[in-house]
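A.B. asks: If you scroll down you'll find the structure; I have some questions about it.
The values are calculated or read from the model by the stated rules, or taken from the named source; none is laboratory data. Treat the numbers as computed from the prediction; the structure is a model and nothing was measured. Cβ placement follows ideal geometry from the backbone for every residue including glycine, while neighbour counts extend to all protein chains displayed. Just so you know, the surface numbers come from the protein's heavy atoms only, side chains and all, with ligands and any DNA or RNA stripped out. Shrake-Rupley method; radii C 1.70, N 1.55, O 1.52, S 1.80 Å.
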Amino acid sequence: MMCVQPLYFNEFRYRGLTGHKYSFFFACMCVILCAVVLVLIAKLAGGNKIFSPKKLSVADWAVLGFALVTLVSAILSPYKDAVDVWNGLPERHDGAFTQLFYVLIFLVIAHWYKPRTRDFGIIGVSAICIGLIGILQFYGMDFLKLWPNELIMINGEPNPYHVENFFNIHFRSTLGNVNMVATYVCAAILLCGFLYVKMDSAKKWRYVWLAGSAACFWLMLIGGSESGMVGVLVTMVLAIPFIIQKREHIGRFLILGASWVGAYTLQKLFYDVRVLEAGTRVGLYAAVTIALLAGGLALTLLKKKGEEADESGKPLRWKLGVGLMVAVIAMGFAGVEIFGRHNDLSGFYGKENASAAITNEQLRSGRHSMLVSSGEGAEIRVEALIEADVVYDISAWVRLKTPEAAELTLTAQVGEHDLRELRTSVVSDDSWAWLGGQQTFSAADIESGFISINIGSDSEDAEFYVDSFSISPDVFFTNFANTTWRLIYDVREIMHGRAEDWLGSNRIYIWQNALEAFPSDNPLIGSGPDTFWQVFPNKAEATALYNVNFDKAHNEYLQILVCQGILGLLSYLIFLGYLLIKAVPKALKNPLLMAVLAGFMGYLVQAFFNISLPIASQMLWVLAGVLAVFVRVDKLEKTYIEK
C-alpha cells in the first residue's frame, strides 16, 4: 500500500485519477479481505480461536469502535440519498468503504506483520521514484505524459485553462492533487530521513533512504505544499532530543539537512533564472549546503576509536536536547515575527498632486503602512519585474482615513493611456479591505517602457492607507518561492489575533463553517461519511466568494467530527493517542521504531491542514499498524529482522 498505490495510474493519467486509484485500492483491499476470511476459516476448521479479547490492545478496541461508528453513521445518514456515503463523493471517494478498509489495513499489519528492514528499503525506492517523476515533470520532462496534451472540453468548448494552469499548478507526480503530494511527501521525508540517520546496521539501504528523503523534499518544494512543510518542521523540532544522542547520528542529520538545503538551492536557482528575481541568495544557500555536508562528514567519519553506540542517551544529552528544542521553538516564533511582515511599499510615489508617505498611524501587518494624501492616488513602476505572457497576481490592503467611505480602485497602467482596472471596492475608515486581481502583459507592453500599478479613489479629497502590497507571477513554478513566505505570514497574522477568512488558502473560513456545521442532526455519529458539503452552512456565500464547493474541511479531525460525530472523533483520538503514548518511550532504543514514529507524527501534524483521500492517506494506517507491532513486542532488540 505504501509502495504501489502512490505510483499507480492508468491510461487516463490525471483525468479521474482519484477515481482510478480508488478502484485499484478497492480491488486490492477486497483481495486482502478475502485472504483474511480464508485464514480465519482455516483457523476455525483447525479448532483454533480466531482471537482472544485479552490480546486486543486499547488501540484495537478504539479502531474497532471507529469502524462501528463509521458503519452506523453511513447507515443512518440523512444524506445517503443525495450522496453515496459508502463510496464517497466523485473524485473524493472517502466514504464508509474507504474508512473500513483503513481499519482492516491496521488490524492486518498490527497482528500479522513482522517488520523487516528490506520492506522499508523498498519504501525508500518507491519514494525515490515518486520524487524523481515529479521533479522531472516540473522541469518539462513529463516522460509518463501525466499532463494531458490536448485541451479539455468544458461546457462543449475547449478550455486551455485546464491544461496550462489547473493540472500544471495543482497536480504533481503520480499522486495528482498537491494536497495528496503534501500527505505523502511529509511522511516519506521523515520516515526515510530518520531511517538514514538512525539505522546503523542497514548500510546497504542507507543511501536509498537519503535519496528518498531528498527527492520527496524537492517534490514538496515544487508542489507548494504548506501542510507538508508544517508537518516536517514540527516533527523535526520535536525530534531534536532524540537526534543528538550520538555523534554519528548528528553527522548523518547534518548530511540529511545538506541534501534538503541543496534541493532548495537548485530550485531557487531555477526560480531566479525564470523570474529574474533581484537580490538572489543562491550563493548563500550553496555555502550552507557545503557547510552542513562538511560538518556531517566530519562527525560520521572522524569517529573516536573504540566509541560505542549509546542509544539510551546520557542525562546531560537529554537536557541539552530539550534545551536546544526550546531554543529552536523560541527562535521560530521570533523569526515569524520578524520575517512575517509582508509589507513591500518601497518604490511607491504620489501621482500628480498626491503624496505617498510611510506612516505607522494604521497598521495591518508589519511596522508601517503608506498614507496617500489625495484621491489621485499612488503608483509604483514594475516594468523591470515583468515577463511577457505571464499571469501576475497583484494585490494590496487598503483603508480610508477620510471620508468615512469611498471607492478605491487598483489598476495597471501600460504606457501613457492604457489603464486596466483590476478591482474596485467600496472601502470604509473602520476596517481594512483587499484589492486584487490578475493581469498578463505582452511583449509589446514591456517594449512600451512603462508599466505601473496604481491605487486611487473616485473622491479627490480621499486619504487612505495602503499595506501589504504584492505582485507575483501566478505560474506553477513559482509556488515553492511564495509558499514559505505566505506560510510565515499566515502564522504571524494568527499569532496577532488576525485570523482572516482567507488565511491558509481560505482554511480559516472553512474551519469556521465546519464548527458552525457541528453539531449536525446527530452530533454523536455525525452526518455520514463524506457529507461535509451537505451540512456546510453557507453554501451560497462560499460559491459567490470563492467559486468552490468546500466538500472537505481541510482538517481531518474536523472532518471526522462533522461527518462521524463525537464518537467517531473520540475513538480516533484514543486510537492515535494510545499508540503515541506507548511508542515514544520505546523509540529511543529502537531506530526503526523511531523512524516509523517520525513519519506517523508528520502525518498527524499535516492532517490538521489537509484532507484524506485513498491516494496517500493509507500511509497513516500502515505506519500505525507497524507502531502497534512494536508496542506489543517486549524484546525491543528483536523487533525487526535484518534482511
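A.B. asks: When the convex hull of the C-alpha atoms of the range 10-79 is computed, what volume per residue in Å³ does it have?
C.D. replies: Numbers: hull volume 9.8 nm³, N = 70.
It is 140 Å³ per residue.
A.B. asks: Using the per-residue mean of other Cβ atoms lying within 10 Å as a proxy for protection, in what order, highest first, do the peptides 216-223, 11-18 fall?
C.D. replies: Values: 216-223: 28.6, 11-18: 16.0.
Averaged packing, sorted descending, gives the order 216-223, 11-18.
A.B. asks: With a 1.4 Å probe and all protein chains in place, put R206, R381, R172, R92 in order of accessible area, largest first.
C.D. replies: Numbers: R206 25, R381 110, R172 0, R92 50 Å².
Reading off the accessible areas and sorting them downward yields R381, R92, R206, R172.
A.B. asks: Let me ask something else about it. With a bin width of 10 angstrom, please list the P(r) values of the range 504-632 as percents of all Cα-Cα pairs, from the 0 bin to the one holding the largest distance.
C.D. replies: 12, 37, 29, 16, 5, 0
A.B. asks: Would you tell me the accessible area of R247, worked out with a 1.4 angstrom probe on the heavy atoms of the protein chains, in Å² to the nearest 10?
C.D. replies: 70
A.B. asks: Where does each of 101-114, 134-147, 417-430, 59-72 land if you order them by average Cβ count within 10 Å, highest first? Provide the component values of the computation, followed by the final result.
C.D. replies: Values: 101-114: 19.1, 134-147: 15.5, 417-430: 13.9, 59-72: 21.2.
Ranking the peptides 101-114, 134-147, 417-430, 59-72 by packing returns 59-72, 101-114, 134-147, 417-430.
A.B. asks: Let me ask something else about it. What accessible area per residue, rounded to a whole number of Å², is obtained for the range 410-457 using a probe radius of 1.4 Å? Mind dumping the intermediate values first?
C.D. replies: Working: 2260 Å² over 48 residues.
Result: 47 Å² per residue.
A.B. asks: How long are the three semi-axes of the equivalent ellipsoid for the range 505-558, computed from the Cα gyration tensor as the root of 5 times each eigenvalue, in whole Å, largest first?
C.D. replies: 19, 11, 9
A.B. asks: For a quick check of your reading of the filter: which chymotrypsin sites (Phe, Trp or Tyr not before Pro) in the range 374-456 sit in a DSSP loop and have no more than 14 other Cβ atoms within 10 Å?
C.D. replies: Values: sites: Y392, W397, W432, W434, F441, F450; in loops: W432, F441, F450.
Listed in order of number, the matching sites are F450.
A.B. asks: Provide V633, V382, V37 ordered by accessible surface of protein heavy atoms (probe 1.4 Å), highest first.
C.D. replies: Heavy-atom accessible area, descending, gives V37, V633, V382.
A.B. asks: For the range 90-146 and the range 447-461, what is the separation of their Cα centres, given in Å?
C.D. replies: Using only Cα atoms to place each centre, the spacing works out to 51 Å.
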